[in-house]
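Chemist: Here it is, the structure, as structure tokens.
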């Protein structure tokens with residue numbers, strides 16, 4: 001049976017890789033080895049599972065049925081294994097987590113280290129990226145995401161509240177009058193963070209029943225939040241950043257909030273889980289650990 005389970009995991013991984021070359025990269029083997037293993041699997045089943053050529057990779061009808069069945073069987077097996085181990089209070093297996101770059105470095109990595117200290121037999125992998133891997137979500141047991149994500153295939157679980165602020169260095173504001181209304185941003189230098197393919201130069205504000213959208217002039221941009229914050233501290237312009245990222249700089253006086261009588265869309269921290277995979281006992285345990293660590297008052301509000 002172990003060979004059968006290995007074959008199922010291999011085919012699911014191959015299908016979700018999207019190509020023989022990508023599957024080989026993830027498995028750290030050659031493309032010819034992946035192709036040979038696929039031929040052996042098809043030979044045992046007596047079926048063609050994949051249409052493949054140098055440029056094309058697509059499941060046959062039988063391959064699609066085999067993939068769907070394999071996903072369901074593996075999910076049930078993982079749930080059964082987790083439930084049995086939970087009865088003995090043993091947490092083992094693997095946990096694949098993905099998170100954003102800045103939050104991952106500053107908060108998620110430490111949380112995972114503490115969680116692993118409680119469950120040392122668990123093997124945990126953390127991948128940090130500036131793009132939430134929605135199309136490849138099934139690769140991960142849990143994805144930590146900040147802000148709204150319009151994708152119905154994923155279930156979001158709250159981890160921590162997180163507001164957004166506009167702020168700048170005192171030196172910048174000494175040379176340039178602080179904006180009193182969102183429209184004043186048009187005459188300021190602005191520094192933006194490029195993330196999740198968002199329209200980062202369009203800032204949206206609300207005040208009571210008023211809503212204002214402003215296209216800000218971008219003087220500097222980066223895909224790294226630490227860089228954006230440091231540029232702001234050096235007086236390069238106004239930034240719109242998550243509360244978790246600028247709380248310490250605001251407390252120390254390196255940055256000052258502006259337009260604080262206007263609200264920006266919240267960017268709460270959530271955990272995303274693929275619907276079709278369900279949630280194993282170890283993922284539930286890790287999610288509960290994160291929620292207890294960051295709610296109801298997260299570290300940046302203490």
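Taken together, the values in this text are just the output of simple stated rules run on the coordinates, not laboratory data. Predicted model, so just to flag it, every value in this text is computed and none were measured. Ideal geometry is used to build each Cβ from the backbone, glycine not excepted, and the neighbour counts take in all protein chains shown.
Chemist: Which shape class applies to segment 155-241: rounded if a/c is under 1.5, otherwise prolate when a/b exceeds b/c and oblate if not, where a ≥ b ≥ c are the square roots of the Cα gyration tensor eigenvalues?
Modeler: Oblate.
Chemist: Taking a ≥ b ≥ c as the square roots of the eigenvalues of the Cα gyration tensor of segment 2-84, is the shape rounded (a/c under 1.5), prolate (a/b larger than b/c) or oblate?
Modeler: prolate
Chemist: With a Förster radius of 41 Å, plug the Cβ-Cβ distance of residue 62 and residue 125 into 1/(1 + (r/R0)^6) and report the FRET value to the nearest 0.05.
Modeler: 0.80
Chemist: Separate question: So for 145, 106, 51, 188, fewest C-beta neighbours within 10 Å to most, what's the order?
Modeler: Result, fewest neighbours first: 51, 106, 188, 145.
Chemist: Which option, (1) 165; (2) 128; (3) 199, is the value of volume of the Cα convex hull per residue in Å³ that was calculated from these coordinates?
Modeler: (1)
Chemist: If you average the alpha carbon positions of segment 137-214 and of segment 10-61, how far apart do those two centres end up, in angstrom?
Modeler: 41
Chemist: Antiparallel as a % of all DSSP beta bridges within segment 164-258, to the nearest 5?
Modeler: 70
Chemist: Between residue 260 and residue 92, take the C-beta separation as r, use R0 = 51 Å, and let me know the FRET efficiency to the nearest 0.05. Don't skip to the end; give the middle numbers.
Modeler: On the way: r = 48 Å, r/R0 = 0.94.
The pair residue 260/residue 92 has a calculated efficiency of 0.60.
Chemist: Among 61-72, 239-250, what's the highest-first ranking by average C-beta atoms within 10 angstrom per residue? Please report the intermediate quantities before stating the final value.
Modeler: Working: 61-72: 15.8, 239-250: 21.1.
Put in order of decreasing packing, that is 239-250, 61-72.
Chemist: Which length gain, in nm to one decimal place, applies between residue 226 and residue 44 when the Cα-Cα distance is subtracted from 0.36 nm times their residue separation?
Modeler: 60.3 nm
Chemist: Additional query: Using the alpha-carbon atoms, what tilt in degrees (0 to 90, nearest 10) does helix 31-45 show relative to the longest principal axis of the chain?
Modeler: The helix 31-45 is inclined about 50 degrees to the chain.
Chemist: Next question. Quick one: of the DSSP bridges fully inside the chain, what percent are antiparallel, nearest 5?
Modeler: Within the chain, antiparallel bridges account for around 65 percent of the total.
Chemist: For the chain, what is the mean residue ellipticity at 222 nm derived from helices alone (per DSSP H run of n ≥ 4: -39500 (n - 2.57); sum divided by total residues; nearest 500 deg cm²/dmol)?
Modeler: -12000 deg cm²/dmol
Chemist: With contacts defined as alpha carbon pairs under 8 Å and 6 or more residues apart, what's the relative contact order of the chain in percent?
Modeler: 22
Chemist: Another question, then. Say R0 is 41 Å: what FRET efficiency, to the nearest 0.05, do residue 26 and residue 180 get from their beta-carbon distance?
Modeler: The pair residue 26/residue 180 has a calculated efficiency of 0.20.
Chemist: Quote to one decimal, in nm, the extra length available between residue 211 and residue 9 on full extension: 0.36 nm per residue of separation minus the C-alpha distance between them. Provide the component values of the computation, followed by the final result.
Modeler: Details: separation 202, 0.36 × 202 = 72.72 nm, distance 4.95 nm.
Stretched fully, the residue 211-residue 9 segment lengthens by 67.8 nm.
Chemist: Students often check this: by mean Cβ neighbours within 10 Å, which of 34-41, 136-143 ranks highest, and how do the rest follow?
Modeler: 136-143, 34-41
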